[in-house]
Amino acid sequence: MGLINRFINRKHIRKYGHIISLGYNCELSYQLFKHNKFVESNLFGWTYIYSAQDMLNALDNIDLIGEDGFLEPNPLFECKNTHIRFHGNDRNPTKKDYEELSNRVKYLKEKFIKTLSDGENNLYIIKIRSSEHNIEQIIKKTYEKLSAMVSNEFDLLVVLESKVVLKEAFEDFPNLFIKKVEYFSPDDDVTTKKCDKKHWEAIFDLFLPKYKLKKRKKFKFEVIDE
């Protein structure tokens, strides 16, 4: 499963009603935005997740995300129940900021649950750290959990760094795709220009949204890019 070639046959392109990030951080959403000039909001799209196990636990407990509030930002807001970390509006949050975050997470949870059975063919993407133990098991468990949750047709795209060597071919997982980039951006700077732009673009040349969404807001990193 080596790095992919940018020159592709159009018959290999796949299109989806929704492209849904499962983390582990914002790099997926950022690279999707850079490639497509828009990115759809979703529950885990702009989060930081400590470990793949936290993600798997969150998939088992979607209803609990944000239900008992968040720890004070450091600099992100951490869900007390699932440890998923979210961006907020202020590092010195007011009651209104917490309410905004809670309402946003509630809306995105409802959207995530709705897309499980919305009749679309959707793509779920997970980026897995090279330092995770037993990456093969993480891939299997993610696929199995989605298979149990999702009533639509769906694909799972796993993105790894090139140094990861898998011991299995996953031939029994027909809707699973594994792609690699040379390296991930630093966790504390996912919008850096020091990223493997070539291979991210090659991946997202293959996996495309069916619909182009209207851009509703300007992201902070766009100001930096300009």
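The values are calculated or read from the model by the stated rules, or taken from the named source; none is laboratory data. These figures come from a predicted structure and were not determined experimentally. Ideal geometry is used to build each Cβ from the backbone, glycine not excepted, and the neighbour counts take in all protein chains shown. What goes into the accessible areas is simple: the full protein's heavy atoms, side chains included, and nothing from ligands, DNA or RNA. Shrake-Rupley method; radii C 1.70, N 1.55, O 1.52, S 1.80 Å.
Assess whether Val190 counts as being modelled with pLDDT under 95 and part of a loop (DSSP other than H, G, I, E, B).
Values: modelled with pLDDT under 95: yes; part of a loop (DSSP other than H, G, I, E, B): yes.
Judged against the criteria, Val190 is a match.
Within the range 175-187, can you find the residues that are in a loop (DSSP other than H, G, I, E, B) and under 16 Å from Tyr30 (Cβ atoms)?
Listed by number, the residues that qualify are Tyr183, Phe184, Ser185, Pro186, Asp187.
Can you give me the number of residues within the range 146-172 that are more than 14 Å from Ile20 (Cβ to Cβ) and either of a type in the set (D, E, K, R) or open to solvent by less than 30 Å² (accessible area, probe 1.4 Å) (or both)?
9
Name the pairs: first residue in the range 200-226 and charged (D, E, K, R), second residue at pLDDT below 95 and open to solvent by less than 40 Å² (accessible area, probe 1.4 Å), Cβ to Cβ under 6 Å, at least 6 apart or on different chains?
Lys215/Phe38
Suppose we filter the range 102-129 for residues that are among the hydroxyl-bearing types (Ser, Thr, Tyr) and open to solvent by less than 40 Å² (accessible area, probe 1.4 Å); how many remain?
Residues in the range 102-129 being among the hydroxyl-bearing types (Ser, Thr, Tyr) and open to solvent by less than 40 Å² (accessible area, probe 1.4 Å): 2 in total.
Quick check on the range 69-101: of everything there that is over 20 Å from the mean Cα position of the chain (by Cα) and assigned to a helix (DSSP H, G or I), which residue is surrounded by the fewest Cβ atoms within 10 Å (Cβ to Cβ)?
Lys95
What pairs come out if I take residues in the range 66-77 that are more than 13 Å from Ser102 (Cα to Cα) and pair them with residues that are open to solvent by 20 Å² or more (accessible area, probe 1.4 Å) and modelled with pLDDT of 95 or more whose C-beta lies under 8 Å away, six or more apart or interchain?
From the range 66-77, the pairs are Leu76/Tyr48; Leu76/Arg85.
Go through (1) in a loop (DSSP other than H, G, I, E, B); (2) in contact (Cβ under 8 Å) with a residue 24 or more places away in the chain; (3) more than 16 Å from the chain's Cα centre (by Cα) for Val165 and report which single condition fails.
Here Val165 clears every test but (2).
Looking only at the range 193-208, which residues are outside any helix (DSSP H, G or I) and open to solvent by less than 30 Å² (accessible area, probe 1.4 Å)?
Answer for the range 193-208, where residues must be outside any helix (DSSP H, G or I) and open to solvent by less than 30 Å² (accessible area, probe 1.4 Å): Cys195, Asp196, Phe207.
Please determine whether any residue of the range 56-68 is in contact with an Asp or Glu (Cβ under 8 Å, 6 or more places away or on another chain), closer than 25 Å to Val150 by Cα and open to solvent by less than 50 Å² (accessible area, probe 1.4 Å).
no
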